[in-house]
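A short write-up of the structure that comes next.
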Amino acid sequence: MRVITVCVGSACHLKGSHQIIGYFKDAIKEANLDAQVELKGCFCMDECTHGANLLIDDRLFHANSIDDAREIFETEILKKQA
Ligand code: FES
């Protein structure tokens, strides 16, 4: 099971984390990965200045747009589904 954790703290919220969660929700569904990928929210990761922050498993990523989130999803989730 892969885990995507998106920060919903106030700084990340202002940088679009809510829309990013929406994107991941749809992307997981479209790729039929509901059973393989869990989507969670969390509060501040102490990385506020770096954009909307998220973890894929234990690795930190910064997404400043839906395009960033899409690239992360394609690279880290889709390409790593064996
Ligand atoms: S609010 Fe997201 S890292 Fe601080």
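None of the figures in this text is laboratory data; all of them are computed from the coordinates on show. None of these values were measured; they are calculated from a predicted model. Methodologically, a virtual Cβ is constructed for each residue, glycine included, from the backbone with ideal geometry; neighbour enumeration extends over all protein chains shown.
Measuring from each cysteine beta-carbon in the chain, the ones with no other cysteine beta-carbon under 4.7 angstrom are 42, 44, 48. Counting only residues at least eight positions apart within a chain, or on another chain, the aspartates and glutamates with an alpha carbon under 14 Å from that of residue 79 are 71. Ranking 24, 75, 10 by Cα position along the charge dipole of the chain, where only Lys, Arg, Asp and Glu carry charges on their C-beta atoms, puts 24 farthest toward the positive end.
From the mean inverse distance of alpha carbon pairs (Kirkwood) and the Cα radius of gyration, derive Rg over Rh for segment 1-71. Expressed as Rg/Rh, it is 0.94.
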